[in-house]
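Report on the structure given below.
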Amino acid sequence: MAKGKLIVISGASGVGKGTVLKRMMELREDLTFSVSATTRPPRPNEVDGVHYYFVTRDKFQRMIDNEEFLEYDEHNATLYGTPVGQLEEKLNCGNVILDIEPVGAANVRKKRPDATLIFIMAPSMEELERRLRSRGDTSENQIQMRLERARWETEQTVWYDHVVINDQVDACAEEILNIIANKCAEE
Ligand code: 5GP
């Protein structure tokens, strides 16, 4: 029986999920993150094996064929997947966070009904749009695509275990840490 809990966290692009996850790690050093594989190229400052395993489509396909993924999905013309081997190792040491979108979250739920699913939402669609625009590096076309995707993702929140509003980063991080602590206290 694994020592840790499997925690899935989703949230639309622009919601500030990365900042909340970073804050959670600062508050609780014992949290571990699952490192996904992806076929997209690394962004500046992203490190292979830390942020993602950056792999070719061929390599990703071989990993699918070898059943190396707990789940995988293609969005934005990119494949993303959760390698199952490292996940089991990490779960043996403690709680593990999976940062994945709703299709992946639904697939995790099917395979691991014990997982806790948490969705981070912006206070409103208007605020999400404001945050997306304030980045200043996203084209109008991309903003509209992300808002469209965010509307769809928001409809998926009904089957998540918890929905947390990211109005203020510290409060949001602490709320998620409390959910995890309560889950651990259940047994
Ligand atoms: P980004 O390319 O901006 O790092 O991530 C884009 C989206 O892919 C995010 O919503 C993120 O949660 C999702 N994602 C990252 N890793 C995985 C994964 O292993 N599986 C799935 N299904 N989605 C992932």
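Within the range 99-112, residues that are farther than 17 Å from Gly18 by Cβ and among the acidic types (Asp, Glu) have Cβ atoms under 6 Å from residues that are modelled with pLDDT of 95 or more and more than 7 Å from the ligand (Cβ to nearest atom) in no pair, counting only partners at least 6 apart in sequence or on another chain. Here Arg28 qualifies as away from the ligand (no atom under 13 Å from the Cβ), on the phi < 0 side of the Ramachandran plot and of a type outside the set (Ser, Thr, Tyr). When we screen Thr138, Thr157 for residues that are surrounded by 11 or more Cβ atoms within 10 Å (Cβ to Cβ) and either in contact (Cβ under 8 Å) with a residue 24 or more places away in the chain or not β-branched (Val, Ile, Thr) (or both), the only hit is Thr157. Among all residue pairs at least 6 apart or on different chains, which show Cβ distances below 8 Å where the first residue, located in the range 20-46, is within 15 Å of Phe60 (Cβ to Cβ) and the second is surrounded by 15 or more Cβ atoms within 10 Å (Cβ to Cβ) and of a type in the set (D, E, K, R)? Listed by first residue and then by second, the contacts come to Ser36/Asp99. Among the residues making up the range 88-107, those that are within 13 Å of the ligand (Cβ to nearest atom) and either surrounded by fewer than 20 Cβ atoms within 10 Å (Cβ to Cβ) or outside any helix (DSSP H, G or I) (or both) are Val96, Ile97, Leu98, Asp99, Ile100, Glu101, Val103, Ala106, Asn107. Within the range 115-135, is even one residue free of Cβ contacts under 8 Å to residues at least 40 places away in the same chain, assigned to a helix (DSSP H, G or I) and farther than 15 Å from Val15 by Cβ? No: zero hits.
Set side by side, the residues Glu153, Glu148 differ, and just one is farther than 14 Å from Ser34 by Cβ, near the ligand (Cβ under 9 Å from one of its atoms) and modelled with pLDDT under 95, which is Glu153. Phe60 satisfies every condition listed in (1) touching a residue at least 24 places away in the same chain (Cβ under 8 Å); (2) in a helix (DSSP H, G or I) except (1). Residues that are assigned to a helix (DSSP H, G or I), within 10 Å of the ligand (Cβ to nearest atom), within 13 Å of the chain's Cα centre (by Cα) and closer than 21 Å to Leu147 by Cα: does the range 1-13 have at least one? No.
How many residues does the range 70-87 contain that are under 27 Å from Cys184 (Cβ atoms), part of a strand (DSSP E or B) and at pLDDT below 95? Looking only at that region, the number is 0. For Val50, the stated conditions hold: it is within 27 Å of Gln142 (Cβ to Cβ), assigned to a loop (DSSP other than H, G, I, E, B) and among the β-branched types (Val, Ile, Thr). Report whether or not Glu67 is at pLDDT 95 or above and in a strand (DSSP E or B). Spelling it out, it is not the case that Glu67 is at pLDDT 95 or above and in a strand (DSSP E or B).
The values are calculated or read from the model by the stated rules, or taken from the named source; none is laboratory data. As the structure is a computational prediction, the values presented were derived from the model and not from experiment. As a convention, Cβ positions derive from the backbone with ideal geometry for all residues, glycine included, and neighbour counts pool all protein chains shown.
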